[in-house]
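A short worksheet on the structure shown next.
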Amino acid sequence: MPSTTTDDASSPKLAALGFCGADDSVNHRHLILLGKSYPTIEWGILFRPDKEGQPRYATRQWVCRLAELLRQNDVATAPPPIRLAAHLCGSHVNNLLSSSTDTSCANNIDTFLTELYNWGFRRVQVNATAVNGVHTERLGEKATIQSFLRTTAAHLKLEFIVQKNKETLPLWNGLLEQEALPENIVFLHDESKGTGKEASTWSTDPQFVTSSRKIVGYAGGIKPVNVGKVAQDTIKACQESGGKEFWIDMESGVRSKVISASGKEEEDIFDLSKCYECIDTICELGLIEHPPVLQ
C-alpha cells in the first residue's frame, strides 16, 4: 500500500490507534508486548457492571492483573508503559451524569475514576447512549451538563472523550454552549456506538476540535479491510476541520468467533491478530513505525 502524504508538516498526526473491547479472552502479556512495541496503540477496556465478565467486558480481576503487571513503578507518578482508555457504560455513566445533584453518585464515580487512574488509565470515554445501558432522557438538562463539567474538573489528570452522535446531541450541544470547554474534554465522532456500523462520511465540523491540541477522534465500522482508507479519509477530515491531531478507534471490527475448547460452541474473542493487521496497514501508510527488530 502506498504511503500517505505524512511527510507534509501540515498533515494531521495520528495521536492514537484505538482498539476497544480487550477482555478476559486476551493474554495480558501479549497486550503489553504490542502496546510497548507500538506506543501509539491505545487499548480500550469497556466498563459496564451489569455485563462484567461477558465478551467485551473484562472482569475486575482481569483488569487488576493487567495493572499489576504494568506496575513496574508507581503509575500514579510516572507515565504508564502502555496507553489505556476506559470506555464507561451503564451505571458508571449514570453516576457521572448525576454527580452534581446526588452525593452518592459523585462519590461512586470519583472513587472509580481515581481507581482507573491508579491502574494506569489516562483517557475516559463516556458512552452516554441507551445501547450502552445509560438513562438518556435528561442528557440536555443543565444538571447533567454541570455533572459532566464537575467530573472533568475533579479529575484533571484524565482526558474525557465525549461520544458524539445524534443520540448524544443534547449532551454535546450543552457542552459546546459553554463559554470555554476544559482542556481535558475532547470529541469522538461515532454514530456506530460500538455496533460495527460503517460511517459513510467523516465529519469536518470545526466546533468539535476544541482543545489547544486541536485533536478529534473518529470511529464507526473500522476493521482490517478498510482501516487504510479510513485513516487516509480521516486525515483529510481532520485537516479540513482545522485539526492537528486525530485518533481512530475500533471495537466490533477486531472481534472474532472461534470454536471453544470443547468444540461445542462459539466464543466471541478480542482478536489480537486482527488488531495487528490494522497496525501493519497503518505502518505501511507511514503513520506509525514498526519497532527496529521488525524493520
Query raised in the report: What pairs from 193/214; 36/229; 142/229; 142/197 go past 28 Å between their alpha carbons?
Result: 142/229; 142/197
**Report entry** Share of alpha-carbon pairs per 5 Å distance bin for the chain, given as whole %
**Finding:** 1, 5, 12, 17, 19, 18, 14, 9, 4, 1, 0, 0
Report task. Lys and Arg at +1, Asp and Glu at -1: add these up for the other residues within a Cβ distance under 14 Å of residue 135 and post the number. Result -> -3
Query raised in the report: What shape does segment 72-172 have by the C-alpha gyration tensor, where a ≥ b ≥ c are the square roots of the eigenvalues, rounded means a/c under 1.5, and otherwise prolate means a/b greater than b/c and oblate the rest?
Result: prolate
Query raised in the report: Can you give the accessible area per residue of segment 203-295, in Å², using a 1.4 Å probe?
Result: 47 Å²
Query - CD proxy at 222 nm, helix term only [per DSSP H run n ≥ 4: -39500 (n - 2.57); per residue of the chain; nearest 500] - result: -10000 deg cm²/dmol
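With only Lys, Arg, Asp and Glu charged, each at its Cβ (+1 for the first two, -1 for the last two), find how big the charge dipole of segment 124-215 is about the Cα centre; round to the nearest 20 debye.
Details: 10 positive and 11 negative charges, 36 e Å.
Value, rounded to 20: 180 debye.
Can you put 138, 150 in order of accessible area, largest first, using a 1.4 Å probe?
Details: 138 155, 150 65 Å².
Order by accessible area, largest first: 138, 150.
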Report summary line: Yeah, segment 174-231 with a ≥ b ≥ c from its alpha-carbon gyration tensor (a/c under 1.5 is rounded, else prolate when a/b outruns b/c, oblate otherwise) is prolate
Report task. Take the Cα coordinates of segment 187-295, assign each an equal point scatterer, and use the Debye formula without solvent to give log10 I(q)/I(0) at q = 0.19 Å⁻¹. Result -> -0.98
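Return one quarter of the surface area of the convex hull spanned by the alpha-carbon atoms of segment 205-245, equal to its mean projected area, in nm². Working shown, then result.
Details: hull surface 11.3 nm².
Averaged projected hull area, Cα only: 2.8 nm².
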Query raised in the report: Which percent of the accessible heavy-atom area of segment 135-274 goes to carbon and sulfur, probe 1.4 angstrom?
Result: 48 percent
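In a shell of Cβ-Cβ distance under 11 Å around residue 198, excluding residue 198 itself, what net charge do Lys and Arg (+1) and Asp and Glu (-1) give?
Working: positive: 197, 223, 229; negative: 191.
Around residue 198, the surrounding residues sum to +2.
Roughly how many Å² is the accessible area per residue of segment 1-150, as a whole number, for a 1.4 Å probe? Don't skip to the answer; put the middle values down first.
On the way: 6560 Å² over 150 residues.
Here the residues of segment 1-150 average 44 Å² of exposed surface.
List the GluC sites (Glu not before Pro) within segment 201-293 that fall in a DSSP loop (any state other than H, G, I, E or B) and whose Cβ has at most 16 other Cβ atoms within 10 Å. Don't jump to the answer; show the numbers that get you there.
On the way: sites: 240, 245, 251, 265, 266, 267, 277, 284, 289; in loops: 251, 265, 289.
Passing both the DSSP loop test and the Cβ count: 265, 289.
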Report summary line: Once amide hydrogens are built 1.01 Å from N within the peptide plane, the residues lying 5 or more places from residue 44 or on another chain with amide H under 5 Å from its amide H are 19, 20, 21, 22, 85
Report summary line: SASA check, residue 271, accessible area w/ 1.4 Å probe, all protein chains in place, rounded to nearest 10 Å², comes out at 30 Å²
Query raised in the report: Over the alpha carbons of segment 114-203, what is the largest minus smallest coordinate on each principal axis, giving the biggest first in Å?
Result: 35, 30, 25
Query raised in the report: Check residue 216: other-chain or 5+ apart residues with amide H under 5 Å from its amide H, H built from backbone geometry?
Result: 245, 246, 247
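The values are calculated or read from the model by the stated rules, or taken from the named source; none is laboratory data. What you are looking at is a predicted structure, and each value in this text was computed from that prediction instead of being measured. Note that we place each Cβ from the backbone using ideal geometry, even for glycine, and neighbour counts take in every protein chain shown. Just so you know, the surface numbers come from the protein's heavy atoms only, side chains and all, with ligands and any DNA or RNA stripped out. Shrake-Rupley method; radii C 1.70, N 1.55, O 1.52, S 1.80 Å.
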